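Below: one structure, written as structure tokens.
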Amino acid sequence: MGQSKKKLKRKVKSEKRMSPKAKKKAFKAKQINDANKHRKLKRKASEALAPAKSEEDKLDGIKSVDELLQSNIFDEDEGAESGSDAGDAASEASSAGAFHDVDGGDDDDDAGISALDLDAVGAGAAHEKELLAIKKADPAFYQFLIENDRQLLDFKAPDAEEEEEGEAEEEKTDGAKAAKAQEPTARVLTSERLKTLQDAAQESFTAFKAVLNAFHTAVRSIETGEVKSSHGEVDDKQGDDGDSSDEDAAGGKKKGKKKKRRKAKGVIQIEDETTFSAIIEWTIANAIGLLQKYAGELGDGSKKKKKDKGAWKKQKGGGGPGIGGVLDPSHFTKWPRVKILASIFFSETFLLLNRVSDNEMIEFILRSISSKEALVWLWPFQQVCKKFVRRCCSLWSTSTTHSVRLLAFLFLRNASVMGTLVPRVNGKRAVTELDATMRMMLKYFADAANGGYSWRSISTFRFMENCFIELLRLDDKTAYRIGYACVRQLALILRNSWAATSHGASTLAPKTKDIKGKRKALRLQQAQNLVSWPFMRSVYMWTKATGELPCLKPLAYPLSMIVTGAMKSKLTTLQLFPFTYHCFRCLNRLSASLELFVPVSSHLLKVFGLILPAIDKAYSKKKGSTVRAPDSEVLLRFSEGLANEVVTLEAAAVDVCFLFMEHLGLLARSPAFPEISAPVLFHLRKHSKHCRSEMVRRHLKQVIAATEATSQDVTARREALTQAPPFKRLFLFEADTAMAKARADAISRREADERMRVDAEMEARTQTRLTTEEVEPKPMSRKARKLEKIRKAKERDEAGEAEEAGTSIADVKFEGKAKVDVVEEMGFSSGDEAAAE
């Protein structure tokens, strides 16, 4: 019977008195209970009615690598699939977590083997050939493989199960102790045995698995900081870019509840550094070819289930399964047995790439995984592929070696091409692989720009800009979608900066953490986001991309409006002149690449009207200045004390003259140049008469002379035209006028000056590092400090004696100075030469 009316009324009243938080908690508890009941019923029904699972069905229920290793998927013998009950019984008796060859039964009953008798192993002819190769080369190692095959092929020791109450826990503990007592001691992998395994791996699948086990051991030894390593306790975290542990992936366990781990004793140890390097290099170079060799023949993929989440399809009219000429490894006949090996290989390779610091080793790994064959085998493992993309983005933006950055971009580009040939949905928002890669690259590009900009980093940022534009060429639709989103984000930064400035926030305010109120701190951050290197470098990049890619030309007008608005908002502040200078450069480059008219002359005249009175005021004070002129190319703002110096103002005026030369030299190819330049000439003549700086007057006279000569030349060419010029075409003449030549000379001088400054800064940085290493004292022990005191006392005594004798202290030679001379003769390599390329 149901509940009475009285109970129902009480229930309704209690629900009304409950808080929203309590209601939500009760609702979630009810959902969890219902889900648990449904799961129990489903499990009972599947046990009672469902038929035996196939290999692919078993893979669907496995959630982690450890579960795959502990499963009995690989215990089945392909030769016994016809109905041999004896083979099934032997596979059930094999140890959990061990890998076995599908072609032949590797271990029917290893516990009963006491001698090297191949007939007792019970394997077929194929397995006998595999073991004979190792037996002839190294009989002792062959016997070791036979006796410990289960543990040797166990790539990762299984975790100890959670503690349970009752007698079952005691039985498991006793069984674990007994098994641990029977474990054999670890064997050292020597160079001779490694060579034997490498030769046998070309024909033996068992030897190939043993090599992968040694590769796993070598990589994990880097994680623990030892060359000599066994399986031991292995951390699940794969560095900063790794996934969370298997407990979080399972989803059903509490985060606070930790698994207990037992230290597993490995069967292989690597003590020699030569063997360590050999196993890593050989495995990375040959694993892909061996995986394809042992994967069997390529099928048509007709038996593949519909619920497979891969994006591979059968190519129409092609010679096999694939798309765009790319092979699908899941269509191989023996894909289930090599899938787990490929997954472990790429996981360990990522861990190696994430932990190794040697640039040559990083280059070797990146060159190996960037090939088409390697990406084909990596593509089915989406999570591992994401890790590689994230790590390569980090190397692309932060590495100090140009070759590493180039190889990291090679992987990103090839992965993006693979994403266009084999598209797949990335996440719940239906983001393509190419789209996700570009967004991640933009994130790391902004992070690198946020770290600062200097002469040393000019080549790095230009390299990253060219790399990103190269990816934009792969797909026009994706390029326009990414470009539209980024230009819109730039517009939002400009709007938020205007709104924050109108509420009292200042761009020039110092960045302090002692700001009271979250809203005030947010407004200050929004105001300062405009005058920042991430914003400015993004404007440079999209200006270049819009000029080079035809699909992005519709974004030219909104981009020019954003840059003009940002420039006008800071135009009247002399301290922010470097920021406005960069905006003018972007507008001139956009006009040159698209051959369109972008008006900047009026804004440049306004800046001149602010700088020249400031120069006159600085000259009236008649204060000598020893400050070096700042470089507007690598600055966004002048310091507060430097903005009013004569040297700073003159350098800013020279930069404005260069901007006039660049702008008017571009317009010199237009028939309308005389009319466009007439008002500009009027104001420039006026400024040249009243300017007190001789250097600024000299640059102004050069601009005026070139403009007047070009106006006469263009007028003569225009009168010589026989027909009206096209209406939509702005530039008709060649760049051979006086103004165009002056523009080309000014740009070439700027580029030469830039190269000179980059070389000078790189050399100064190298000398600074050498001086720091020479002068910086090392921490001394107590005995060394006592000796130093004695030496100084001796020096003082000798100095006193020298004064009494009438000599100077500089003439006395001390023993301590000889060490400095020796250090100065030594040469050190800073590694910055590669970064400057």
Inset, instruction - For every other residue with a beta carbon closer than 13 angstrom to the beta carbon of L366, add +1 if it is Lys or Arg and -1 if Asp or Glu, then tell me the sum. - result: +1
Inset, instruction - Would you mind checking the pairs K544/K606; K518/K606; K37/K386; K9/K44; K209/K386; K339/K477 and listing those with alpha carbons more than 30 angstrom apart? - result: K518/K606; K37/K386; K9/K44; K339/K477
Legend entry - Amide H contacts under 5 Å for R187, placed H, 5+ residues apart: I268, Q269
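Per residue, how much accessible area does region 477-569 show when a 1.4 Å probe rolls over the protein heavy atoms, in square angstrom?
On the way: 4960 Å² over 93 residues.
With the other protein chains kept in place, region 477-569 gives 53 Å² per residue.
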Legend entry - Rounded if a/c under 1.5, otherwise prolate or oblate - region 584-660, Cα gyration tensor axes: prolate
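Would you kindly work out the equivalent ellipsoid of region 556-688 from its C-alpha gyration tensor and give its semi-axes, the square roots of five times the eigenvalues, largest first in whole Å?
Values: eigenvalues 150, 63, 26 Å².
One finds semi-axes of 27, 18, 11 Å for region 556-688.
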Inset, instruction - For region 432-499, just say rounded, prolate or oblate: build the C-alpha gyration tensor, square-root its eigenvalues into a ≥ b ≥ c, call rounded for a/c under 1.5, and beyond that prolate if a/b exceeds b/c, oblate if not. - result: oblate
Legend entry - In region 668-759, the trypsin sites (Lys or Arg not before Pro) that fall in loop regions by DSSP, at most 15 other Cβ within 10 Å: R692, K728, R729
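Select from region 714-760 those chymotrypsin sites (Phe, Trp or Tyr not before Pro) which occupy a DSSP coil region and have at most 14 other Cβ atoms within 10 Å, ordered by residue number. Provide the component values of the computation, followed by the final result.
Numbers: sites: F727, F731, F733; in loops: F727, F731, F733.
For chymotrypsin sites (Phe, Trp or Tyr not before Pro) across region 714-760 that sit outside H, G, I, E and B with at most 14 neighbouring Cβ atoms in 10 Å, the list reads F727.
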Inset, instruction - Project the alpha carbons of region 367-503 onto their principal axes and report the range along each, largest first, in whole Å. - result: 56, 37, 24
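How much space per residue, in cubic angstrom, does the convex hull of the C-alpha atoms of region 676-726 take up?
Details: hull volume 3.5 nm³, N = 51.
Dividing the Cα hull volume of region 676-726 by its residues yields 69 Å³.
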Inset, instruction - Calculate, for region 654-727, the solvent-accessible area per residue in square angstrom, rolling a 1.4 angstrom probe over the heavy atoms of the protein chains. - result: 50
Legend entry - Modelled label reach - N414, point 7 Å along Cα→Cβ, region 462-482 residues with backbone N closer than 17 Å: 471
Inset, instruction - Over the alpha-carbon set of region 645-778, work out the extent along each principal axis and list the three values in angstrom, largest first. - result: 81, 35, 20
Legend entry - D_trans [Stokes-Einstein, Kirkwood Rh over alpha-carbon pairs] for region 480-630, 20 °C, 1.002 mPa s, µm² s⁻¹: 125
Inset, instruction - Restrict the search to region 570-675; then list the GluC sites (Glu not before Pro) that DSSP places in a loop and that have at most 10 other Cβ atoms within 10 Å of their Cβ. - result: E640
Inset, instruction - Please give, to one decimal in nm, the separation of the simple spin-label points placed at M695 and S14, each 7 Å out from Cα toward the Cβ. - result: 8.6
Legend entry - Isotropically averaged projected area of region 326-398, using the convex hull of Cα atoms (one quarter of hull area), nm²: 5.0
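The values are calculated or read from the model by the stated rules, or taken from the named source; none is laboratory data. Quick caveat, the model's predicted, so the values are computed rather than measured. Cβ atoms come from the backbone with ideal geometry, glycine included; neighbour counts cover every protein chain shown. We work out accessible area using only protein heavy atoms, side chains counted, and drop any ligands, DNA or RNA first. Shrake-Rupley method; radii C 1.70, N 1.55, O 1.52, S 1.80 Å.
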